[in-house]
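Have a look at the structure below before the remarks.
The values are calculated or read from the model by the stated rules, or taken from the named source; none is laboratory data. Since the structure is predicted, the reported quantities are computational estimates derived from the model, not experimental observations. Here the Cβ is made from the backbone with ideal geometry for all residues, glycine too, and neighbour counts use every protein chain on show. These accessible areas exclude ligands, DNA and RNA; they are computed on the full protein's heavy atoms, side chains included. Shrake-Rupley method; radii C 1.70, N 1.55, O 1.52, S 1.80 Å.
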Amino acid sequence: MKYIALFFFCFFALTASAQTVVKQDAAIKQMVDEVSNKNIEAIVRKLVSFKTRHTLSDTISKTEGIGAARNWIKSEYEKYAAASNGRMKVQFDAFVQPQGRRLSKNTPMKNVLAVLKGTDTADHRVYIVSGHYDSRATKAMDSTSFAPGAVDDASGTAVSMELARVMAKRSFPATIIFMAVVGEEQGLYGSTNVAKRAKAEGWQVDAMLNNDIVGNTYGMETGLKDNRSIRVFSDGVPIAATEKEIAALKSLGGENDSQSRQLARYAKEIGERYVEQLDVKLIYRTDRYLRGGDHLPFLEQGFTAVRFTEMNENFDRQHQDVRKENSVDYGDLPDFADYDYTQKIARMNLSILANLASAPAQPQNVGVITSDLTNKTKLKWDAPKGKAPAGYYVLMRETISPYWEKKFYVTDTNATIGYSKDNYLFAVQSVDAAGHESLPVVPKPVR
Ligand SMILES: [Zn+2]
């Protein structure tokens, strides 16, 4: 067994050490730099110009309502796709949502998907970045009042669109889907349709990034201003875990190591590697109190998904009729959004997607061998399908640590590490020669 202890950094020094040791991929850095605050602002202002993007609003008008908005988003994606040599295809994901609690009638709905096909035909991985393009006013069923939804969630929609523009010109081994979904405010209808379709059609969705409310940097009441932090919400015990899986988590202490939590850690490591003045804050929750988002339907279908949301929210903006009351401005207007901040969040998303879609797939059947009592840790796994990894990182951390602390590089598909599996947590990720890393896989006990 051969391994090299690549670097060892304590958690406080993670960012500094990672930046000095781990090289950025120049091609990814170039894409990150191309993400434009001006384009993001133009997209948000155009979406606001449709007056309302309520899911039950007008679908006939060319200038107002949800119909005009989705047609415009589709036509923009088609412009970006023109630079993709036919690899990016744009589609409406259309369905009829039956009447429900926040839906007065059976409603035809359309998500907009731009699919950038991966170049590796043996590799069927899919990565999704998503924002919801629908908006609402104070009353959930009000489909006619001005509902600008600049931050909630034209900002997240702009992330998907701006990334499609930049990434359409490049190729990746895995497929990336840039998504703008509808019906979020009425009950996560758009993302539910895609998540169920993905499950039914057997899409191999390795990660879904939900950007919802990523454009405000001012905290209501507290007055806190924060243009460098982004929250990433991830489930600990997976929503879709079976009884048997939960029993295994209980016996081995795996409640902080779901695939979504691995994705959240990956977002922090990679995002901070490529974007300056960015602090990715892991929140050990699926979402905020009493609130949900478009990552939930993906988690329910057993996929890996996280939610990105600004650090401090301004509730005078969200879901508010546009008005002035006691000299307070209410409403989610584009003048209150911080486009430099959304640019930063878009750049973070791009670095995560580009690294994942360039990396080899995850190692398969990762196991920790439990057949003999030893103070070392023996791990084994199988190589993934598709592009062959140059090697693997075995990741290690103390059981009380939030982030991976040590990486061992190995070229075999097994490793014996001189630390006890009883005292540390482990995972294995694939890596290529250029340093693109897959998501880590936590080993299952094997004999
Ligand atoms: Zn939202």
Over the chain, with neighbouring protein chains present, the accessible area per residue in Å² at probe 1.4 Å is 41 Å²
Extension length gain for residue 285 and residue 94 (0.36 nm per residue less Cα distance), in nm, is 65.6 nm
In the structure shown, of 51/281; 169/406; 378/406; 62/324; 385/444, the pairs separated by more than 26 angstrom at the C-alpha atoms are 51/281; 169/406; 62/324
quick note, the chain, DSSP beta bridge pairs, % antiparallel (nearest 5) is 65 percent
Magnitude of the Cβ-charge dipole (Lys and Arg +1, Asp and Glu -1) of the stretch 334-447 about the Cα centre, nearest 20 debye, reported as 500 debye
The helix 339-358 Cα axis meets the longest alpha-carbon principal axis of the chain at an angle in degrees, between 0 and 90 and rounded to 10, of 40 degrees
FRET efficiency (residue 252, residue 78; Cβ distance; R0 41 Å; to 0.05) is 0.25
Taking the alpha-carbon centre of each part, the distance from the stretch 384-404 to the stretch 243-312 in Å is 17 Å
Placing +1 on each Lys and Arg Cβ and -1 on each Asp and Glu Cβ in the stretch 150-232, then taking the dipole about the Cα centre, the residue among 222, 186, 203 whose Cα reaches farthest towards the positive end is 203
Once amide hydrogens are built 1.01 Å from N within the peptide plane, the residues lying 5 or more places from residue 147 or on another chain with amide H under 5 Å from its amide H are 52, 53
A correct Karplus calculation of ³J(HN,Hα) over the stretch 402-408, with 6.51 cos²θ - 1.76 cosθ + 1.60, θ = phi - 60°, whole Hz and x for Gly and Pro, returns x, 10, 4, 10, 9, 10, 10
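Does the stretch 97-251 classify as rounded, prolate or oblate by the C-alpha gyration tensor (a ≥ b ≥ c root eigenvalues; a/c under 1.5 gives rounded; else a/b over b/c gives prolate, otherwise oblate)?
In terms of gyration-tensor shape, rounded.
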Put 124, 436 in order of accessible area, largest first, probe 1.4 Å, and you get 124, 436
Among 52, 175, 138, the residue with the largest mean-square fluctuation in a Gaussian network model of the chain built from Cα contacts under 10 Å is 138
dims of the stretch 295-447, Cα set, principal axes, largest to smallest, nearest Å -> 71, 32, 29
Here, residue 71 and residue 385, labelled 7 Å along Cα→Cβ, have an inter-label distance in nm of 4.1 nm
Nearest 10, in degrees from 0 to 90: the angle of helix 65-81 to the longest Cα principal axis of the chain is 50 degrees
To the nearest 10 degrees, the tilt of helix 156-167 (Cα long axis) against the first principal axis of the alpha carbons of the chain is 60 degrees
Spelling it out for residue 285: with amide H atoms placed in the peptide plane at 1.01 Å from N, the residues 5 or more places away or on another chain with amide H under 5 Å from its amide H are 234
In debye to the nearest 20, the charge dipole size for the chain, taken about the Cα centre with +1 at each Lys and Arg Cβ and -1 at each Asp and Glu Cβ, equals 960 debye
